[in-house]
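Q: Right, I'll just put the structure down here and ask away after.
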Amino acid sequence: MADSSPEGVSSAALGGKRQQFGSRFLSDPARVFHHNAWDDVEWSEEQAAAAERKVQENSSQRVCPEKQVDYEVNAHKYWNDFYKIHENGFFKDRHWLFTEFPELAPSQNQNHLKDLIEDGHGLTVGEQHKCSSTLEHTAQMFSVEETVTQKLSHLEICADEFPGSSATYRILEVGCGVGNTVFPILQTNNDPGLFVYCCDFSSTAVELVQTNSEYDSSRCFAFVHDFCDEDQNYPVPGDSVDVIILIFVLSAVLPDKMQKAINRLSRLLKPGGMMLLRDYGRYDMAQLRFKKGQCLSENFYVRGDGTRVYFFTQDELDTLFTTAGLEKVQNLVDRRLQVNRGKQLIMYRVWIQCKYRKPLLSTTS
């Protein structure tokens, strides 16, 4: 699954304070068309109220129950049709990932930290770069690796039974689409211990990943998977994945199924492992553009091609992750103003970005 809306490059986020990537702030409204996007755009009370009214209006007429059943039962068909039409030409590779999520970047800093830890040395200020919070987390992860390896004896039992069993750093992307996240990771991260798993609801999308010239089965395993299906198993043991990525995918599933899906993913994470999410926020332009008769339930809509999308609040996502036993590292709203200079249009985008970590001593069953 994948989002069918353009994504902008947002600013890097560290803890609760965001450091700007582009540092483009709109201080003079007369200059709005001087750039194609503006960072951290504040909404007035009037604008927020107008957005709420628009949502109430387009939610007043719901899709009939029979059609709702069709969209759920045949969800895979609608996504297959989407990828058959667009193939790999709809989305662009997400190179902004390494700014927003340094956890996915090359591991030379991580290896340096590991050496320091093993040598018993602390980190000096000069050894920390601007992503200090991420590096501190990485140091924790290496420490955990050393202290809990013996406790994860089931990994040794399953060592020869799953792809990437010899890897030292495992990344799983759920809802990989045609590989716009996976391939930038494989191209950028040269860690010899890296192994990337990627899955999608759409068999057409997975086939496009597997037949891509950049696909390397020695470093990546792509598979078809419905992460809402409790009867489908992942090809990795529990407590074995360092990072799980959810990019505009959770919003595509039935809201009632989200919690169990996140619970299952949480069990795959190593202690100290991270779940990374970027998805649609409440009152995003895409939500306001829906017409009457496209609303399935509150803040959940169906597009013209039969694919579905939900628009989140920060609190909703926090509840999903913390209920799954994860701890908040980051949960922020990215409000951007995108501009179409040719048509003299302005478009307000709202995305939510989250990082949640599995506790070092996890009680998740």
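The values are calculated or read from the model by the stated rules, or taken from the named source; none is laboratory data. Computed from a predicted model, the values in this text were never measured in an experiment. So basically every Cβ, Gly included, is an ideal-geometry build from the backbone, and we count neighbours across all protein chains shown. Please note that ligands, DNA and RNA were not included when accessible areas were found on the heavy atoms of the full protein model with its side chains. Shrake-Rupley method; radii C 1.70, N 1.55, O 1.52, S 1.80 Å.
Q: Give me the pairs: first residue in segment 259-279 and farther than 19 Å from W351 by Cα and touching a residue at least 12 places away in the same chain (Cβ under 8 Å), second residue open to solvent by 10 Å² or more (accessible area, probe 1.4 Å) and of a type in the set (G, A, S), beta-carbon distance under 7 Å, and six or more apart or on different chains, which are they?
A: Final answer for the pair search is S266/G325; R267/G238; L268/G238; P271/S362.
Q: For F227, only one of the following conditions fails: (1) open to solvent by less than 10 Å² (accessible area, probe 1.4 Å); (2) assigned to a strand (DSSP E or B). What is its number?
A: (2)
Q: D256 - would you say it is charged (D, E, K, R) and in contact (Cβ under 8 Å) with a residue 24 or more places away in the chain?
A: Against the criterion (charged (D, E, K, R) and in contact (Cβ under 8 Å) with a residue 24 or more places away in the chain), D256 does not qualify.
Q: Check whether at least one residue in segment 280-289 is over 20 Å from R53 (Cβ atoms) and among the basic types (K, R), and report yes or no.
A: No, the conditions are met nowhere in segment 280-289.
Q: Which condition number in (1) in contact with a Leu (Cβ under 6 Å, 6 or more places away or on another chain); (2) surrounded by fewer than 16 Cβ atoms within 10 Å (Cβ to Cβ) is the one that V241 fails?
A: Just one mismatch for V241, condition (2).
Q: Looking at segment 306-365 only, could you name the residues that are among the hydroxyl-bearing types (S, T, Y), modelled with pLDDT of 90 or more and open to solvent by less than 50 Å² (accessible area, probe 1.4 Å)?
A: T307, Y310, T313, Y356 - these are the residues of segment 306-365 that are among the hydroxyl-bearing types (S, T, Y), modelled with pLDDT of 90 or more and open to solvent by less than 50 Å² (accessible area, probe 1.4 Å).
Q: Only residues that are assigned to a helix (DSSP H, G or I) and either farther than 30 Å from W43 by Cβ or of a type in the set (K, R) (or both): list them for segment 247-287, please.
A: Correct list: K257, K260, A261, N263, R264, L265, S266, R267, L268.
Q: Go through the residues of segment 259-276 one by one and say whether even a single one is surrounded by 20 or more Cβ atoms within 10 Å (Cβ to Cβ) and under 22 Å from R336 (Cα atoms).
A: So far as segment 259-276 goes, yes, one or more of its residues are surrounded by 20 or more Cβ atoms within 10 Å (Cβ to Cβ) and under 22 Å from R336 (Cα atoms).
Q: Further, regarding this structure: Taking the criterion of being at pLDDT 85 or above and at negative phi, would at least one residue in segment 91-101 satisfy it?
A: Within segment 91-101, one or more residues are at pLDDT 85 or above and at negative phi.
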